[in-house]
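*Asks:* To start, I am sharing the structure in question, which I have written as structure tokens.
The values are calculated or read from the model by the stated rules, or taken from the named source; none is laboratory data. Just so we're clear, the structure is a prediction, and the values are computed from it rather than from any experiment. As a convention, Cβ positions derive from the backbone with ideal geometry for all residues, glycine included, and neighbour counts pool all protein chains shown. Note: areas computed on protein heavy atoms with side chains; ligands, DNA, RNA excluded. Shrake-Rupley method; radii C 1.70, N 1.55, O 1.52, S 1.80 Å.
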Amino acid sequence: MRQQKRIQGRQGLQLNEQSLQILVETVPALMWRAAPDGRIDYVNKRLLEYFGLPLEEIIGWGWTEKAHPDDVAFKARTWLSNLETMTSHDVNCRFQGADGAYRWFNIRGEPLRDRDGSVQNWYGVFIDIDNQKKAEERSRESELKLRQITETVPGLVWSNGPDGEPTHFNQRILDYSGMPSEEFMHHGWEAFVHPADYPETAEAFYHAIQTGTSYQGVMRLRRADGEFRWHDARCEPLRDREGRIIQWYGLAVDIDERKKIEDRLRRSEAYLAEAQKLSHTGSAAYNETAVLYFSDETYRIFGLDPREGLPSREAALERIHPDDRERAREEARKAVEQKKDYALKFRILLPDGTVKYTELKAHPKFSASGEFVEVVGTIIDVTERKRAEQALRESEAKFRDFAETASDWFCEMGPDYKFTLLSENAFGSGAADRIGTACWDHALDLETEPEKWRLLQETVFSRKPFRDFVYRGMSSDGSPMYVRASGKPLFDANGEFQGYRGTCTDVTEITRAQDAVRESERSWRSAIDGIAGLVSIHFPNGEVETVNRQCLEYFGRSLDWLKNWGTTDAVHPEDLPRVVEMFTRAMASGIPYQIDQRLRRFDGEYRWFNNRGVPIRDDSGRIARWYVLITDIEDRTRALAQLEQMQSDFAHMNRVSMMGELAASLSHEITQPIASARNNARAAQNFLDMQPPDLSELREALSCVVGDTDRAGDIVDRIRDHIKKTPPRKEHFDLNEAINEVIVLGRSAIIKNGVSVQTRLSEGLFPIHCDRVQLQQVVLNLILNAAEAMGSVEAEPRELLISTEQHHTGVLVAVRDSGPGIDPTHLERVFEAFYTTKSRGVGMGLSICRSIIDAHGGRLWAEANEPRGAIFQFTLPAVQVGP
């Protein structure tokens with residue numbers, strides 16, 4: 001009976017072991033068992049299939065041969081340590097599978113103990129964590145790439161958590177502020193932002209945090225040396241798939257130079273307005289139906305209120321004097337018809353009866369097709385000049401009458417230098433009463449101008465003749481009177497000095513007129529010296545007549561030196577030939593000119609200036625003077641260059657980012673020709689081993705090897721060209737071929753999102769002249785955006801159509817998708833920098849694409865696709881190829 005029970009017990013045990021083995025073999029996991037000393041004595045079928053080895057090569061310590069060389073030593077020691085301590089085994093390790101590839105596994109083992117605690121066996125599983133490990137690695141790489149991008153962005157970059165607390169600052173912002181990251185984390189922004197800007201900036205930023213909206217502001221930020229500079233700052237939220245904010249990313253760009261340029265521009269406009277006011281010169285623009293522009297001075301001249309807005313064209317014409325109105329209309333009509341500039345003088349009659357005299361100089365403008373656009377011109381209020389001219393004519397008439405009815409005063413002085421005779425023969429008996437006290441001994445300027453009288457005294461005491469000595473006396477009515485005197489010494493037959501005989505002339509009106517001219521010249525000089533720029537005035541032949549004070553200060557030279565600017569180093573040697581050519585041509589043709597050039601400052605530095613010259617004509621239409629305004633554009637030129645460089649850097653970063661996303665596709669593209677070359681090389685070896693060798697087949701196989709390697713090289717060159725940082729290089733190329741290359745680059749994203757791609761590329765397109773890499777970047781960006789958008793569509797077909805066709809201005813490229821489409825209110829906003837609808841996007845791709853297309857003279861826009869989806873289209877201008 002006892003023997004029978006033992007037999008039944010063994011049979012039951014065997015049955016349990018069989019059941020357990022069946023269970024182990026059917027469990028969807030890689031399982032193993034080891035002896036107490038750690039030697040593997042059993043693995044299930046799934047583990048054998050993974051290793052691709054028989055059990056006898058795995059048991060014992062043979063499994064270590066399949067462990068990765070970098071993992072086996074450390075992991076084996078961990079396993080031995082667990083055996084000694086009889087504790088659970090839990091470690092990550094890479095093992096090579098039957099296909100030769102290594103995969104990550106989490107190796108777990110538990111001891112099976114008997115009643116006394118000793119280990120009977122070890123049982124464990126291999127848990128495949130390869131996808132998890134790779135995902136973690138990709139996450140780390142993505143984080144590193146993002147960190148590297150933020151370090152290379154030419155701006156101050158930071159990030160905040162969902163609650164607005166700072167989480168990261170790039171090195172550029174730390175270097176700029178001179179503060180460590182820890183200080184920024186603890187309210188460093190209060191010391192970084194200008195005290196006057198901080199309250200408004202903080203309020204706007206925390207409002208964005210609370211509402212989840214984008215932040216944008218302009219503020220002054222403190223540099224490490226203590227200087228505050230203006231920056232344009234933006235902060236955008238990054239959301240997860242559920243729309244929750246997980247991070248805030250911010251960028252601040254230095255716009256200090258731009259702000260200074262804008263301030264100078266505003267000051268220049270204010271100076272120009274003041275100069276127009278001083279010179280009574282206004283400006284205006286109008287077309288056939290309306291007044292388009294009136295300056296403040298033009299409103300004053302026409303007696304209109306600028307607060308009431310632009311007047312109608314008829315209202316402006318109503319202010320022209322009725323006797324001049326029709327003539328003004330006819331002159332304007334003929335000028336537009338003949339497409340030429342015109343000058344016109346007319347009177348303005350105000351409602352209160354005031355009459356103003358004006359001079360208009362106008363220039364009709366036409367479109368490229370020859371259609372009339374507008375007339376622009378300047379209008380000068382010459383009323384005061386007209387009155388001065390009238391007063392001068394009246395004064396001249398007075399002087400003429402005087403000359404015709406009277407003679408000079410004939411005076412004599414005795415040896416005592418006193419007037420001894422005032423001839424009444426010429427003036428009549430009342431001459432003395434009319435002249436009053438205009439003699440020397442009653443001069444009003446004896447004390448005010450002693451040096452003048454001292455020189456006259458030296459001349460007279462040395463008994464030399466004197467001419468045109470002007471002094472100030474007093475007429476009979478008590479008013480000041482200017483007298484011009486000339487005298488000749490008299491000697492008797494013995495050579496004894498007898499005194500002087502001469503003439504005196506009343507030059508009061510002439511002197512006052514000269515004073516008025518000098519005052520006018522002083523006012524005119526003050527006006528041109530007040531202009532924010534270098535001003536020079538030239539004679540009709542181009543010779544310099546005068547320049548303003550700023551011009552002399554900039555060059556640090558005399559006016560005579562500046563008159564020979566064409567043969568000096570005033571103009572940069574590289575610019576001098578074209579400047580001389582344009583200046584000479586303008587002087588000969590009388591046409592206004594404009595040119596950018598570099599001028600040498602007194603300290604030797606060359607700066608960029610905009611040179612504009614305008615001829616001023618007299619009543620007969622002949623050029624009386626050339627007025628030239630030279631404006632400093634150095635800061636604007638540098639700012640534009642920095643902006644272009646920044647756009648180029650962003651475009652390069654966008655290409656590099658896209659190439660990272662397409663790494664799998666590029667690897668596949670390169671692997672294909674390499675694998676083909678390897679197969680053809682093996683075939684060549686086989687043909688060579690044949691007896692006799694098959695040379696014709698060998699030659700064909702080697703030719704295929706060369707072709708495959710060339711294809712691989714072309715792919716690598718395309719990738720290198722696409723991601724390397726080089727200046728734009730425009731060339732003629734096949735647009736359809738370039739688009740096909742881009743489709744190959746985007747194949748991984750297309751396959752990943754299950755997208756069906758179709759092309760409709762027209763043959764015989766107009767030739768284009770573009771930068772191939774930049775254009776491919778635009779197409780690739782549009783394809784990737786479309787593929788990602790369609791990836792969110794579940795039930796509907798995912799179709800992508802790429803087409804090219806002739807356009808009236810050149811070539812039209814369209815990318816149509818069947819994705820969820822774009823909100824119609826956002827069709828234009830998607831091209832704004834930093835605007836994005838992607839949870840992980842930064843909003844720069846489409847902004848960069850539009851910049852690239854604009855730089856090539858084209859246009860990029862978005863439309864809705866019917867019945868669903870979006871269409872992104874862009875045009876490129878056609879160019880003339882060949883002679």
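*Asks:* Is at least one residue of segment 550-564 modelled with pLDDT of 80 or more and either open to solvent by 70 Å² or more (accessible area, probe 1.4 Å) or hydroxyl-bearing (Ser, Thr, Tyr) (or both)?
*Replies:* Here is the first cut: in segment 550-564, the ones modelled with pLDDT of 80 or more are none.
Scanning segment 550-564 turns up no residue that is modelled with pLDDT of 80 or more and either open to solvent by 70 Å² or more (accessible area, probe 1.4 Å) or hydroxyl-bearing (Ser, Thr, Tyr) (or both).
*Asks:* Answer yes or no as to whether ARG612 is in a loop (DSSP other than H, G, I, E, B), surrounded by 13 or more Cβ atoms within 10 Å (Cβ to Cβ) and of a type outside the set (Gly, Ala, Ser).
*Replies:* Values: in a loop (DSSP other than H, G, I, E, B): no; surrounded by 13 or more Cβ atoms within 10 Å (Cβ to Cβ): yes; of a type outside the set (Gly, Ala, Ser): yes.
Considered against the rule, which asks whether it is in a loop (DSSP other than H, G, I, E, B), surrounded by 13 or more Cβ atoms within 10 Å (Cβ to Cβ) and of a type outside the set (Gly, Ala, Ser), ARG612 comes out as no.
*Asks:* Yes or no: segment 848-871 includes at least one residue that is open to solvent by less than 70 Å² (accessible area, probe 1.4 Å), part of a helix (DSSP H, G or I), modelled with pLDDT under 80 and closer than 22 Å to ASP771 by Cα.
*Replies:* Within segment 848-871, one or more residues are open to solvent by less than 70 Å² (accessible area, probe 1.4 Å), part of a helix (DSSP H, G or I), modelled with pLDDT under 80 and closer than 22 Å to ASP771 by Cα.
*Asks:* Take segment 450-483 and flag every residue that is open to solvent by 40 Å² or more (accessible area, probe 1.4 Å) and part of a strand (DSSP E or B).
*Replies:* Those that are open to solvent by 40 Å² or more (accessible area, probe 1.4 Å) and part of a strand (DSSP E or B): ARG467, ASP468, VAL470, ARG472, MET474, PRO480, TYR482.
*Asks:* If we scan segment 90-106, do we find a residue that is in contact with a helix residue (DSSP H, G or I) (Cβ under 8 Å, 6 or more places away or on another chain), within 17 Å of GLY38 (Cβ to Cβ) and in a helix (DSSP H, G or I)?
*Replies:* The answer is no; no qualifying residue exists.
*Asks:* Among the candidates THR87, THR78, which residue alone is without any contact (Cβ under 8 Å) to a residue 40 or more places away in the chain and more than 23 Å from TYR50 (Cβ to Cβ)? Quick ask: steps written out before the conclusion?
*Replies:* Working: THR78 fails: more than 23 Å from TYR50 (Cβ to Cβ).
Only one candidate passes the filter, namely THR87.
*Asks:* Filter segment 353-385 for residues that are of a type in the set (Ser, Thr, Tyr), open to solvent by 50 Å² or more (accessible area, probe 1.4 Å) and farther than 17 Å from ARG617 by Cβ and give the result.
*Replies:* Just the residues of segment 353-385 that are of a type in the set (Ser, Thr, Tyr), to begin with: 354, 357-358, 367, 369, 378, 383.
Those left that are additionally open to solvent by 50 Å² or more (accessible area, probe 1.4 Å): 354, 357, 369, 378.
Of everything in segment 353-385, those that are of a type in the set (Ser, Thr, Tyr), open to solvent by 50 Å² or more (accessible area, probe 1.4 Å) and farther than 17 Å from ARG617 by Cβ turn out to be THR354, TYR357, SER369.
*Asks:* Counting just the residues of segment 435-449 that are open to solvent by 80 Å² or more (accessible area, probe 1.4 Å) and not acidic (Asp, Glu), which one comes out modelled with the highest pLDDT?
*Replies:* THR448
*Asks:* Here is a follow-up. Please count how many residues of segment 739-760 are buried (at least 16 other Cβ atoms within 10 Å of the Cβ) and either in contact with a strand residue (DSSP E or B) (Cβ under 7 Å, 6 or more places away or on another chain) or closer than 14 Å to VAL813 by Cα (or both).
*Replies:* Count: 6.
*Asks:* Cβ-Cβ distance below 6 Å, separation of 6 or more or different chains: which pairs start in segment 588-615 with a residue that is at negative phi and end on one that is polar (S, T, N, Q) and open to solvent by 70 Å² or more (accessible area, probe 1.4 Å)?
*Replies:* ARG612/GLN594
*Asks:* Also: Take LEU112 and decide whether it is more than 60 Å from the chain's Cα centre (by Cα) and in a helix (DSSP H, G or I).
*Replies:* Values: more than 60 Å from the chain's Cα centre (by Cα): yes; in a helix (DSSP H, G or I): no.
When the stated conditions are applied, LEU112 does not pass them.
*Asks:* Shifting gears a bit: Is segment 370-392 home to any residue that is at pLDDT below 75 and within 60 Å of the chain's Cα centre (by Cα)? Even if it seems obvious, please write down each step before you answer.
*Replies:* First, the residues of segment 370-392 that are at pLDDT below 75: 392.
This time we only want the ones that are within 60 Å of the chain's Cα centre (by Cα), so: 392.
Yes, that holds for at least one residue.
*Asks:* Could you please find all residues in segment 214-228 being open to solvent by 30 Å² or more (accessible area, probe 1.4 Å) and either in contact with a Lys or Arg (Cβ under 7 Å, 6 or more places away or on another chain) or in contact (Cβ under 8 Å) with a residue 60 or more places away in the chain (or both)?
*Replies:* Passing the criteria: SER214, GLN216, ARG220, ARG223, PHE228.
*Asks:* Among THR405, THR459, which is the only one that is more than 30 Å from ALA290 (Cβ to Cβ) and modelled with pLDDT of 60 or more?
*Replies:* THR459
*Asks:* For VAL72, all conditions in the list (1) in a helix (DSSP H, G or I); (2) surrounded by 14 or more Cβ atoms within 10 Å (Cβ to Cβ); (3) modelled with pLDDT of 80 or more hold save one; what is the number of the exception?
*Replies:* The number of the failed condition is (3).
*Asks:* I'm told SER762 meets every condition in (1) at pLDDT 85 or above; (2) closer than 23 Å to THR213 by Cβ; (3) among the hydroxyl-bearing types (Ser, Thr, Tyr) except one. Can you identify the failing condition by its number?
*Replies:* The number of the failed condition is (2).
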